[in-house]
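Okay, so here's the structure we're looking at.
Computed from the coordinates by the stated procedures, all read-outs in this text should not be read as laboratory data. For clarity, every value in this text was computed on a predicted model and none was experimentally measured. As a convention, Cβ positions derive from the backbone with ideal geometry for all residues, glycine included, and neighbour counts pool all protein chains shown.
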Amino acid sequence: CLDIEEDRDRSLKREVLCDDEYAVVAGRRHPLGRRDDVETADLAEWPWILGRNLGDVATAWESVWRDAGLPAPVPVLETNSLDFCRLALPESQLLTILPRGLVAADVAARRLQIIPVADFAWDRPISLYRLRSAGTAPALEALIAELRRAAAAWRS
């Protein structure tokens, strides 16, 4: 999972598999995509779609605006669905903040684009959690090995 929660259940064993970098994401035709000098203040002029229950990502989001001396924009849309967010962005003027790995295929297909803004580029771990008390079945170990391989490929 994307490990964004501050409070962790002590009955779970955590293994960080890799990190993913957050970035500002927009549709393929968003005007900010034609610029290479975008700063935090430039982002305040555009409508935002944000996720709900973002844990420390919400804290990081708010601190970027606060550090820039600006109020955080009020999102025009909030969602719990990554699919909805990805479908709402391509032809709109909306901005969002998402892990690069989750939108890599959309960026490669030129449906979405990354708007490079250094203040919004922060890493969050992708972690594997499992019960400390659980035994290890061969099928579970095989699944975990595949997750580790996928995470190694994600990093490259």
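If I stretch the segment between GLU146 and ARG10 completely, what's the gain in nm (0.36 nm per residue apart, minus their alpha carbon distance), one decimal? Intermediate values should be presented prior to the final figure.
On the way: separation 136, 0.36 × 136 = 48.96 nm, distance 2.48 nm.
Stretched out fully, the GLU146 to ARG10 stretch lengthens by 46.5 nm.
Considering every pair of different Cα atoms, what Kirkwood radius, in Å, is found for the chain?
Values: mean 1/r = 0.0587 Å⁻¹.
Taking the inverse mean of 1/r over all distinct Cα pairs, the chain comes out at 17.1 Å.
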Stretchable slack from ASP36 to ASP123, in nm (0.36 nm times residue separation minus alpha-carbon distance)
29.2 nm
Would you mind listing how long region 1-71 runs along its three principal axes, going by Cα atoms, in whole Å with the largest first?
47, 27, 20
For VAL25, which sequence-distant residues (separation of 5 or more, or a different chain) have an amide H within less than 5 Å of its own amide H, given hydrogens modelled in the peptide plane?
THR96, ILE97, LEU98, ILE115
For the ranges 85-95, 27-37, what's the packing order if you count other beta-carbon atoms within 10 Å of each residue, average per peptide, and put the highest first?
85-95, 27-37
Value at 222 nm in deg cm²/dmol, rounded to 500, when DSSP H runs of n ≥ 4 in the chain each add -39,500 (n - 2.57)
-9500 deg cm²/dmol
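According to the Cα gyration tensor, what semi-axes, each the square root of 5 times an eigenvalue, does the equivalent ellipsoid of region 83-156 have, listed from largest to smallest in whole Å?
Details: eigenvalues 211, 38, 31 Å².
Taking √(5λ) for each eigenvalue gives 33, 14, 12 Å, largest first.
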Most to least packed among 99-110, 127-138 [average Cβ atoms within 10 Å]:
99-110, 127-138
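Quick one: Kirkwood hydrodynamic radius for region 8-47, alpha-carbon pairs, angstrom, one decimal?
Evaluated over region 8-47, this radius sits at 13.8 Å.
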